[in-house]
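Student: After the structure tokens below, expect a handful of questions from me.
The values are calculated or read from the model by the stated rules, or taken from the named source; none is laboratory data. Given the structure is predicted, the values throughout are model-derived calculations rather than measurements. Positions of Cβ are backbone-derived with ideal geometry, glycine not excepted, and every protein chain shown enters the neighbour counts. These accessible areas exclude ligands, DNA and RNA; they are computed on the full protein's heavy atoms, side chains included. Shrake-Rupley method; radii C 1.70, N 1.55, O 1.52, S 1.80 Å.
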Amino acid sequence: MQVVFVNVLILFILMFIGYILGKRGTIAHSSINDLTNLLIDVSIPATIMVSMIRPYSSELMKDTVRVLIIIAIYHLGIAGISFVLTKILKVDEKKRGAWIFAMVFSNNGFIGYPLMYAIYGQEGLFIMAMGNIIQNVLIFSLGVKMITMNYELDEKIRLKNILLTRQNLAIVIGMTLFISQIPVPEAIVSLLTHLGNLTAPLSMIVVGLSLSRYDVKNMFTDPEAYRMTIFRMLIIPAIILIGFRLTGVSANNDLPFAILFYTAALPSPALTSIMAERYNTSTEFSSRCVFITTVASVITVPLFAGLL
């Protein structure tokens, strides 16, 4: 428990360092996109591939199937619950889609991957990457419908956007190597390892840099973002923790359930605001959701991780 708490805390300290660097102008905000591209296109795919260059394990394959089912049920279940909540809470119609999107999806790419690697090693990253396939598919299909909800848009779902992401391609290559056990030259493994080692510190620093762009005072002016954050960062993770306790699940010893927990506990993804900007919907509210859940996660994620 203490090891988990310390690893989570270290990652969030890195995020705070990124925030300070951005606020002081040590790293220019104009470089955030370049650093993000380095992560998405190079470092994270390398990390995923390295985690899959390993001896074949039937247990990992079983865990892969389990995590795909568990995460699919979770996302679809939370989507349904969130839709009902927006009705009960009478959320503004123009904010409803972003509210649901921010509730359903998690920042697995920038926070989840390095977190799983820090806590559970390559096996944890392997299973997180498998579970994230479900999120990637849903974000660019169901997520598009969410973010454009109650807006007069007829956006078509594009299969290319769903499947042909750098991370999904890395998963396909890595899974092929894992199943076939094709030998990979040591030099390539070493290169991928060096690139992958950038992921944990750089991803958290980039999250901090991204937060430093916002006008903090403006981010805390919408009560609706607070209501969503309470459900997203406190109530849902707490319910899952209680469920684990009641059913005797030891998530730290069962990776698919650990992935479920952190998917529920991590903050809303930056894609919440990115998608809103792309479709010109509730951009300001989406940014507030990302900002507040990420700030809240500095406290809630280490706290819940310590109780796992």
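Student: Rank by packing, highest mean first: peptides 34-41, 188-195, with packing defined as the count of other Cβ atoms within 10 Å averaged across residues.
Tutor: On the way: 34-41: 16.0, 188-195: 14.4.
The packing order, highest mean first, is 34-41, 188-195.
Student: Let me ask something else about it. If each of Val216 and Lys145 carries a label point 7 Å out from its Cα toward its Cβ, how far apart are those two points in nm?
Tutor: That separation, rounded to one decimal, is 4.0 nm.
Student: Along the range 180-194, what does the Karplus equation 6.51 cos²θ - 1.76 cosθ + 1.60 (θ = phi - 60°) give for ³J(HN,Hα), rounded to whole Hz, x for Gly and Pro?
Tutor: Those phi angles translate into 7, 6, 5, x, 10, x, 4, 4, 5, 4, 5, 4, 4, 5, 4 Hz.
Student: Moving on to the next point. Give me the three principal axis extents of the range 216-308 from the C-alpha atoms, as integers in angstrom, largest value leading.
Tutor: 44, 24, 17
Student: What order do Met233, Met149 take when sorted by accessible area (1.4 Å probe), most exposed first?
Tutor: Final ranking, largest accessible area leading: Met149, Met233.
Student: Additional query: Apply the Karplus curve 6.51 cos²θ - 1.76 cosθ + 1.60, θ = phi - 60°, to the phi angles in the range 103-111 and return the couplings in whole Hz, x for Gly and Pro.
Tutor: These are the phi-based 3J(HN,Hα) values: 6, 7, 9, 10, 7, 6, x, 8, 10 Hz.
Student: Mind ranking 269-277, 24-32 by how tightly packed they are, going by the mean number of other C-beta atoms within 10 angstrom, highest first?
Tutor: Ranked from most to least packed, the peptides come out as 269-277, 24-32.
Student: Is it possible to state the helix-based mean residue ellipticity at 222 nm for the chain, with each DSSP H run of 4+ residues giving -39500 (n - 2.57), the sum divided by total residues, to the nearest 500 deg cm²/dmol? What is it?
Tutor: -23500 deg cm²/dmol
Student: Taking square-rooted eigenvalues a ≥ b ≥ c of the alpha carbon gyration tensor, is the range 35-74 rounded, prolate or oblate, where a/c under 1.5 means rounded and, failing that, a/b exceeding b/c means prolate?
Tutor: Values: a/c = 6.36, a/b = 1.48, b/c = 4.29.
The shape class here is oblate.
Student: Still on this structure, I have one more. In whole Hz and in residue order, list the ³J(HN,Hα) couplings for the range 296-308 that follow from phi through the Karplus curve 6.51 cos²θ - 1.76 cosθ + 1.60, θ = phi - 60°; x for Gly and Pro.
Tutor: 4, 5, 4, 9, 5, 5, x, 5, 5, 4, x, 8, 5
Student: Shape verdict for the range 1-144, please, from the Cα gyration tensor: rounded (a/c under 1.5), prolate (a/b greater than b/c) or oblate.
Tutor: Here the range 1-144 falls in the oblate category.
Student: Add +1 for every Lys or Arg and -1 for every Asp or Glu among the other residues with Cβ under 13 Å from the Cβ of Phe304, and state the total.
Tutor: +2
Student: How large, in percent, is the carbon and sulfur part of the accessible surface of the range 22-106 at a probe radius of 1.4 Å?
Tutor: About 63 percent, which is the carbon plus sulfur part of the accessible surface.
Student: Averaged per residue, what accessible surface does the range 36-124 expose to a 1.4 Å probe, in Å²?
Tutor: About 39 Å² of surface per residue is accessible.
Student: How big is the accessible area of Leu307 in square angstrom, nearest 10, if you roll a 1.4 angstrom probe over the protein chains?
Tutor: Taking all protein chains as shown, Leu307 has close to 80 Å².
Student: Give me the dipole magnitude in Debye, nearest 20, for the chain about the Cα centre, with unit charges on the beta carbon: positive for Lys and Arg, negative for Asp and Glu. Don't skip to the end; give the middle numbers.
Tutor: Values: 22 positive and 17 negative charges, 90 e Å.
With only Lys, Arg, Asp and Glu charged at Cβ, the dipole is about 440 debye.
Student: Are there trypsin sites (Lys or Arg not before Pro) in the range 34-105 that DSSP puts in a loop and that have at most 14 other Cβ atoms within 10 Å, and which ones?
Tutor: For trypsin sites (Lys or Arg not before Pro) across the range 34-105 that sit outside H, G, I, E and B with at most 14 neighbouring Cβ atoms in 10 Å, the list reads Lys90.
Student: Now for a different question. How much accessible area per residue does the range 230-285 have, in Å², with a 1.4 Å probe?
Tutor: Details: 2270 Å² over 56 residues.
Per-residue value: 40 Å².
Student: Pairs to check: Lys23/Lys94; Lys62/Lys95; Lys95/Lys217. Give those whose C-alpha atoms are more than 28 Å from each other in this structure.
Tutor: Details: Lys23/Lys94 31 Å; Lys62/Lys95 39 Å; Lys95/Lys217 20 Å.
The pairs that break the limit, which is 28 Å between Cα atoms, are Lys23/Lys94; Lys62/Lys95.
Student: Something else now. What order, most packed first, do the peptides 129-140, 99-110, 251-262, 50-61 have when packing is the mean number of other Cβ atoms within 10 Å of each residue?
Tutor: 99-110, 129-140, 251-262, 50-61
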